[in-house]
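The structure's right below; bear with me while I get my questions together.
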């Protein structure tokens with residue numbers, strides 16, 4: 001009997017030691033950083049993947065050593081069925097415990113998508129279709145339905161999406177991204193409108209958006225936006241036609257071949273500001289916040305005209321009288337002819 005008691009005690013002790021040893025090993029595994037270098041590693045969980053397949057794939061990529069331990073831990077904490085699909089960046093120093101938290105929280109890798117200032121609706125749609133991280137399905141015919149979903153006051157999409165860099169998970173739909181860009185544009189427009197200068201000839205936020213889009217297309221120079229806004233504001237106040245080429249080009253649409261002719265300037269369209277007074281019916285591009293701010297804070301002055309200088313820096317010459325403007329145009333044309341001769 002005594003021998004049996006001694007043997008039983010030895011076995012129990014051995015089991016206890018083995019259990020403690022296993023617990024120490026498991027704890028060490030769970031709190032030791034996984035095997036990725038300092039740049040980290042990307043890992044994809046496909047939709048519908050089981051935790052077993054995920055743990056085995058981690059092991060096959062030599063990120064973890066004990067997939068079975070990882071599975072047992074996930075089941076023990078009740079998270080094995082809570083992992084979310086997506087691309088993950090596993091950062092240097094991440095432990096298996098932290099990795100499980102990352103997989104279950106949906107802390108996926110984000111990819112940048114930039115809406116560029118001055119893009120029009122067709123350029124935006126093309127960029128969405130070309131981006132491999134975006135699930136793109138929209139066509140030109142889908143804009144009205146999407147704008148209904150967004151509760152927009154117009155069925156014309158131009159100018160409604162704020163130029164900005166958005167960070168998205170792979171598989172984000174074009175509709176989801178555009179909703180984010182639309183909501184942000186509305187927030188920026190409301191904020192800028194609330195701080196606008198008084199006595200402006202633009203009477204609504206949408207009119208401000210239209211003017212901002214023209215400013216966006218006229219210049220990329222931060223030091224000229226408010227000056228160009230001032231010219232347009234004064235022309236509107238005096239009932240002068242805006243006479244701005246970008247609106248004419250937009251009215252021509254996809255048929256524009258890059259060469260704006262005298263005939264184009266004389267051909268009436270809703271967007272031809274040489275033949276019609278006031279603002280065009282819609283924006284002509286996606287204006288950034290700086291252009292919106294300039295539209296609502298025009299620079300003071302007497303200038304009613306501007307023309308490119310041709311200096312190659314995107315600058316313009318501003319004039320208060322038609323005679324001054326004609327002289328500036330002549331100077332621009334002279335410089336252009338000289339550049340062409342030198343180019344030949």
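The values are calculated or read from the model by the stated rules, or taken from the named source; none is laboratory data. Just so it is clear, the model here is predicted, and its values are computed rather than measured. Methodologically, a virtual Cβ is constructed for each residue, glycine included, from the backbone with ideal geometry; neighbour enumeration extends over all protein chains shown.
Please go through (1) within 24 Å of residue 222 (Cα to Cα); (2) surrounded by 14 or more Cβ atoms within 10 Å (Cβ to Cβ); (3) under 32 Å from the mean Cα position of the chain (by Cα) for residue 303 and return the number of the only condition it doesn't satisfy.
The one condition residue 303 does not meet is (3).
Moving on to the next point. Please indicate, with yes or no, whether at least one residue in segment 170-192 is in a strand (DSSP E or B) and without any contact (Cβ under 8 Å) to a residue 60 or more places away in the chain.
Yes - at least one qualifying residue is present in segment 170-192.
Please go through (1) in contact (Cβ under 8 Å) with a residue 12 or more places away in the chain; (2) more than 25 Å from the chain's Cα centre (by Cα) for residue 198 and return the number of the only condition it doesn't satisfy.
(1)
Got a sec? Which of 70, 103, 113, 92 is touching a residue at least 24 places away in the same chain (Cβ under 8 Å), surrounded by 14 or more Cβ atoms within 10 Å (Cβ to Cβ) and not in a helix (DSSP H, G or I)?
Criteria check complete, one pass: 113.
Wholly within segment 241-335, which helices (runs of 4 or more DSSP H) include no fewer than the required count, namely at least 2 residues that are over 30 Å from residue 190 (Cβ atoms) and touching a helix residue (DSSP H, G or I) at 6+ places or on another chain (Cβ under 7 Å)?
Helices (runs of 4 or more DSSP H) meeting the threshold: 245-252, 262-266.
Every residue, every condition in (1) surrounded by fewer than 17 Cβ atoms within 10 Å (Cβ to Cβ); (2) under 30 Å from residue 165 (Cβ atoms); (3) without any contact (Cβ under 8 Å) to a residue 60 or more places away in the chain; (4) not assigned by TED's automatic domain parsing to the domain that holds residue 239, yes or no:
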site: 277; (1), (2), (3), (4): yes, no, yes, no
site: 282; (1), (2), (3), (4): no, yes, no, no
site: 288; (1), (2), (3), (4): no, yes, no, no
site: 296; (1), (2), (3), (4): no, yes, no, no
site: 322; (1), (2), (3), (4): yes, no, yes, yes
site: 337; (1), (2), (3), (4): yes, no, yes, yes
site: 342; (1), (2), (3), (4): yes, no, yes, yes
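Quick check on segment 213-220. Is at least one of its residues modelled with pLDDT under 95 and under 26 Å from residue 252 (Cβ atoms)?
yes
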